Each structure stands twice: as structure tokens, then as C-alpha cells.
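The values are calculated or read from the model by the stated rules, or taken from the named source; none is laboratory data. No experiment lies behind these values; they were computed from the predicted model shown. Because the Cβ atoms are built from the backbone with ideal geometry, glycine has one as well, and the counts that use them run over all protein chains shown. Accessible surface is based on the protein model in full, side chains and every heavy atom, while ligands, DNA and RNA are left aside. Shrake-Rupley method; radii C 1.70, N 1.55, O 1.52, S 1.80 Å.
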Amino acid sequence: MSKVNPIQLQKHLKGVDYPASKEQLIQHAQKQGADDNAISVLQQIPDQEYETPTDVSAAVGDIE
């Protein structure tokens, strides 16, 4: 699987009300037209509350 562009991912997450759960992030990204790769990456992050976009980026960065 290819890595997702973190800038592109944040565009898909623009407007999310933080803190947000993993499921909320996925649903928001889908509504924003995120591609399958971006959704797949979000599905791999830990199931927790994310306080900021930086927290999401860090979690995505930790995915192998």
C-alpha cells in the first residue's frame, strides 16, 4: 500500500470538530471525497480520540 500524502489527508479532514474519534475522522474524510487509499490509512490508526490534526498526522506517520 502506498503512503498517503499528509497534506492531502489534512485537506480531507478540514472542518473536523476535534476531539474526534477514529470513526468520525473516517466518516468526515469519506464525505470530503477522500480516496480509498486515504480511507484505508485512517482505518489503520489506533481507535482513540484525536485532539488535533497533528495527533492524526502522528498516528498516520506511525503506520508501517
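Heavy atoms of the protein chains alone define the surface here; on that basis the chain has 64 Å² accessible area per residue at 1.4 Å probe size.
Stretching the chain fully between Lys3 and Gln44 yields a gain of 13.6 nm (0.36 nm per residue, less the alpha carbon separation). Apolar share of the accessible surface for the chain: 47 percent from carbon plus sulfur atoms, 1.4 Å probe.
Each label point was placed 7 Å from the Cα along the Cα-to-Cβ direction; for Glu64 and Asn37 their separation is 2.1 nm. Taking 0.36 nm per residue of separation and subtracting the Cα-Cα distance, full extension of the segment from Thr54 to Ser21 would add 10.5 nm.
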